[in-house]
């Protein structure tokens, strides 16, 4: 059971560089999410998707982009990395069934912008 | 707007002590869900429990128990006879009832269990 897989686990970027954080899930979940976790803080929602081809902004979308071409994959792209984007990024997925099933989280990507 | 407050930033207890982690929430929804997640030092987020707003029964799972009180908008988490492996950051979260499940997380409580 792979669940939600995020790559890479760690990355250091220079200011202005771009990169894509990968997220894939094998549970056939329609709903997927990207969060960032800053030190000592909870998780803030960046973007979410309710199915292939459908994405929408969360609380803190500025500086990020997403796409959802398949049910399995939900990559997060940083176009011009800034120090404020130094954070731990979590991808999650959820079964859209009844009773608000819990989100399943990946292990996170620790990103540093220098 | 939804809000989750975990006023305890850090707690330290000696092994075998009981400890309660507080969670207070705000929402205008009549149907909502509450969650607790554990984040051990390794960093992953582990789901512990889900409770819907219509079920105020307390729940016990081994050494863990949860007390949900709508009257005080609280969903507190108690660990009985704490162990070193319980050392982690614990997050309380609140979700609305439909759609994409907007989840609001508290800022977390870091629990350190000292041997």
Checklist entry - How about the stretch A:38-114: which strands (runs of 3 or more DSSP E) wholly inside it have at least 1 residues that are in contact with a strand residue (DSSP E or B) (Cβ under 6 Å, 6 or more places away or on another chain) and closer than 23 Å to residue B:46 by Cα? => result A:43-51, A:76-78, A:87-94, A:109-113
Item to check | Residue list for the stretch B:52-71, filter: at pLDDT 90 or above and exposed (fewer than 10 other Cβ atoms within 10 Å of the Cβ) | outcome: B:62, B:71
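Assess whether residue B:29 counts as being within 13 Å of another protein chain (Cβ to nearest Cβ), surrounded by 12 or more Cβ atoms within 10 Å (Cβ to Cβ), in contact with a strand residue (DSSP E or B) (Cβ under 9 Å, 6 or more places away or on another chain) and touching a residue at least 60 places away in the same chain (Cβ under 8 Å).
So residue B:29 fits the description; yes.
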Item to check | Some residue of the stretch A:9-28 being within 13 Å of chain B (Cβ to nearest Cβ) and surrounded by 13 or more Cβ atoms within 10 Å (Cβ to Cβ) | outcome: no
Checklist entry - Got a sec? Which of B:91, B:105, B:77 is within 15 Å of residue B:50 (Cβ to Cβ), surrounded by 19 or more Cβ atoms within 10 Å (Cβ to Cβ) and more than 14 Å from chain A (Cβ to nearest Cβ)? => result B:77
Next on the checklist: Out of everything in the stretch A:60-85 that is surrounded by fewer than 16 Cβ atoms within 10 Å (Cβ to Cβ) and touching a residue at least 60 places away in the same chain (Cβ under 8 Å), what residue ends up being nearest to the other protein chains (Cβ to nearest Cβ)?
Outcome noted: A:83
Item to check | Test for residue A:50: is it within 11 Å of another protein chain (Cβ to nearest Cβ), without any contact (Cβ under 8 Å) to a residue 60 or more places away in the chain and more than 23 Å from residue B:32 (Cα to Cα) | outcome: no
Item to check | Meets criteria (at pLDDT 95 or above, facing another protein chain (nearest Cβ under 10 Å), within 13 Å of the chain's Cα centre (by Cα) and surrounded by 15 or more Cβ atoms within 10 Å (Cβ to Cβ)) for residue A:88 | outcome: yes
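The values are calculated or read from the model by the stated rules, or taken from the named source; none is laboratory data. Everything quoted here is computed from the prediction, not taken from an experiment. All Cβ positions, glycine included, derive from the backbone under ideal geometry; neighbour counts span all protein chains shown.
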